[in-house]
Amino acid sequence: MFKTMGWKMPYRSTATTRRNAELKRAAFLGAARSLVATQGFGGATVAVIAERCGASVGSVYSYFDNREQLLAEVFRSAATHELRIVRTAVADAPPDATDQLSVLIRTFAGRALRGRRMAWSLLFEPVTPAVEAERLVYRRSYTELGEQVIRTGIAQGRFADQAPALAASAVMGAISESLIGSLRPPETSRTALPDDAVIDGIRTFCFRALGTTRH
């Protein structure tokens, strides 16, 4: 009846179509994240993402405005996951700030060294402005976490009296920059130091910089 009268039924998405759309979008993000973990952001092209999902390039763009938006979401997802793990580890550590800082360094650096390519992508790989904006948020979050630990350590008398925010920026910068030689692709360009020696060296430097020899 509606067809003969020239009427059109309004389209209403059903729970099933919405769920299918969510699954499709998640599949694109998952494929992109997998590519970043093995090839970096540069290797996560829309064409390859679509191919991995058995879809067309146009299909990808029906869920994301552009590649930059897609990769920014991938960065946010991966970085949030890593930050959550480090925060949980610090929260579960003993109340002594030296223990908390040690756990922060071991967890952050240890996970980076176990997932080198993803860590390089999150920390150092040249990226688009949208992804770089997410990276700044990521770095700020770690600095805030480090500031909490350092502030506690100063109050406990474990660290020398100093500006906690400035010290946290310096310490987090030292942690990440000290990993460059171990994370830089390809394999042949890496430092010869074993992973445990890298982590211990970072810990020793950070504790000395904060005015304590306990580590």
Per-residue [θ]222 nm for the chain (sum of -39500 (n - 2.57) over DSSP H runs n ≥ 4, rounded to 500): -23000 deg cm²/dmol
Residue with peak Gaussian network fluctuation, the chain [Cα springs, cutoff 10 Å], from ALA15, ALA168, ALA72: ALA15
Hydrodynamic radius of the chain per Kirkwood, over alpha carbon pairs, in Å: 19.6 Å
Cα coordinate range in region 129-215, projected on the principal axes (Å, largest first): 44, 35, 13
Leading residue at positive end of dipole, the chain (Cβ point charges), from ALA168, SER141, TYR63: TYR63
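Students sometimes get this wrong: rank PHE205, PHE108 by accessible area, probe 1.4 Å, all chains present, largest first.
Details: PHE205 120, PHE108 20 Å².
Largest accessible area first, the list is PHE205, PHE108.
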Span-rule helices in the chain, defined as complete DSSP H runs reaching 15 Å or more along the axis (Cα) with Kyte mean at least 0.0: 97-114, 164-178, 195-209
Accessible-area value, THR107, 1.4 Å probe, nucleic acids and ligands omitted, Å²: 30 Å²
Ranking by accessible area, most exposed first, for THR16, THR212 with a 1.4 Å probe: THR16, THR212
Solvent-accessible area of VAL46 with every protein chain in place, 1.4 Å probe, in Å² to the nearest 10: 10 Å²
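Which whole-number percentage describes the relative contact order of the chain, with Cα contacts under 8 Å and a sequence gap of 6 or more? Each step should come with its number before you reach the end.
Working: 202 pairs, mean separation 40.5, N = 215.
Relative contact order for the chain comes out at 19 percent.
The values are calculated or read from the model by the stated rules, or taken from the named source; none is laboratory data. As the structure is a prediction and not an experimental result, all values here were calculated from the model. Cβ: placed from backbone, ideal geometry, glycine included. Neighbour counts: every protein chain shown. With ligands, DNA and RNA removed, areas are computed over all heavy atoms of the protein, side chains included. Shrake-Rupley method; radii C 1.70, N 1.55, O 1.52, S 1.80 Å.
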